[in-house]
Amino acid sequence: MVNIEQLAYELGEVLTAKQWVATTAESCTGGGVSFAITDIPGSSAWFNRAFITYSNEAKKQMLNVSEQALTEFGAVSEAVVFEMACGALAASRADISVAISGIAGPDGGSEDKPVGTVWFAWADATGWQQTRCCLFNGSRQQVRQQAIAEALSGLICRINKMMDL
């Protein structure tokens with residue numbers, strides 16, 4: 001399995017090099033991404049804030065996720081994580097965001113969205129946005145750990161690509 005602590009350190013290095021600040025909007029990971037980030041000494045220089053929006057009410061209130069997206073597509077959807085990522089940027093002083101919503105299990109899955117389905121969205125201050133859906137295997141904790149690693153990896157990848165331009 002990927003070393004989450006190493007990913008968090010690497011994220012800090014690339015954010016520092018880019019002189020950017022990150023924010024997170026988390027649902028199924030319950031703050032795991034922000035915990036990994038804030039476990040790194042000095043992360044306050046490159047991490048602005050975290051939004052733990054486990055309920056739909058919190059998604060609407062804190063991140064301006066629309067009732068329409070939640071009703072039409074459900075909390076675990078591309079539309080909702082996209083709005084979460086954009087909402088986190090708008091509600092912070094960050095340059096880049098990641099949003100995560102999924103079904104970690106062991107219950108809650110369906111034929112269309114089985115346990116292990118996790119949607120991600122990344123957005124940055126340049127207007128760039130990306131979404132991705134992953135289907136992870138394992139226990140609830142394993143799904144959450146894989147989602148945390150994917151969220152951090154996506155942030156690192158985007159910043160590295162920008163620095164290569």
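The values are calculated or read from the model by the stated rules, or taken from the named source; none is laboratory data. Quantities reported herein were computed from a predicted structural model and do not represent experimental measurements. Cβ sites come from the backbone with ideal geometry, for glycine too, and all protein chains shown count toward neighbours. Accessible surface is based on the protein model in full, side chains and every heavy atom, while ligands, DNA and RNA are left aside. Shrake-Rupley method; radii C 1.70, N 1.55, O 1.52, S 1.80 Å.
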Step through the residues of the stretch 28-44 one at a time and calculate ³J(HN,Hα) from phi using the Karplus curve (6.51 cos²θ - 1.76 cosθ + 1.60, θ = phi - 60°), rounding each to whole Hz and writing x for Gly and Pro.
5, 7, x, x, x, 5, 5, 5, 4, 5, 6, 6, 8, x, x, 5, 5
Quick one: check the C-alpha center-to-center distance for the stretch 92-165 versus the stretch 1-65, whole angstrom.
11 Å
I need to check one value: relative contact order of the chain, counting alpha carbon pairs closer than 8 Å and at least 6 residues apart, in percent.
25 percent
To the nearest 20 Debye, how big is the dipole of the chain about its Cα centre, given +1 on the beta carbon of each Lys and Arg and -1 on that of each Asp and Glu?
220 debye
Probe 1.4 Å, heavy atoms of protein chains only: per residue, the accessible area of the chain in Å² is 48 Å²
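Can you give me the convex hull volume of the Cα atoms of the chain, divided per residue and expressed in Å³?
Per-residue hull volume (Cα only) is 100 Å³.
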Using a 1.4 Å probe on the protein chains only, how many percent of the accessible area of the chain belongs to carbon and sulfur?
48 percent
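Taking Rh as the Kirkwood radius, which is the inverse of the mean 1/r over Cα pairs, what is the Rg/Rh value for the stretch 1-89?
Result for the stretch 1-89 is an Rg/Rh of 1.03.
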Under Karplus coefficients 6.51, -1.76 and 1.60, residue-wise ³J(HN,Hα) of the stretch 103-120 in Hz, glycine/proline x
10, 7, x, x, 10, x, x, 9, 4, 6, 9, x, 3, x, 6, 9, 9, 10
PHE51 long-range amide H proximity, modeled H, under 5 Å:
THR24, ALA25, GLU26
Using Cα springs under 10 Å in a Gaussian network model of the chain, which residue among GLN61, GLN146, GLN130 shows the largest mean-square fluctuation?
GLN61
Going by amide H atoms built from the backbone, whose H comes under 5 Å of the H on GLY109, apart from near neighbours?
VAL115
So what J values fall out for the stretch 143-151 if you push phi through Karplus, 6.51 cos²θ - 1.76 cosθ + 1.60 with θ = phi - 60°, rounded to Hz, Gly and Pro as x?
4, 5, 5, 5, 5, 4, 4, 5, 4
Among THR131, THR71, THR53, residue whose mean-square fluctuation peaks in a GNM of the chain (springs only between Cα atoms under 10 Å):
THR71
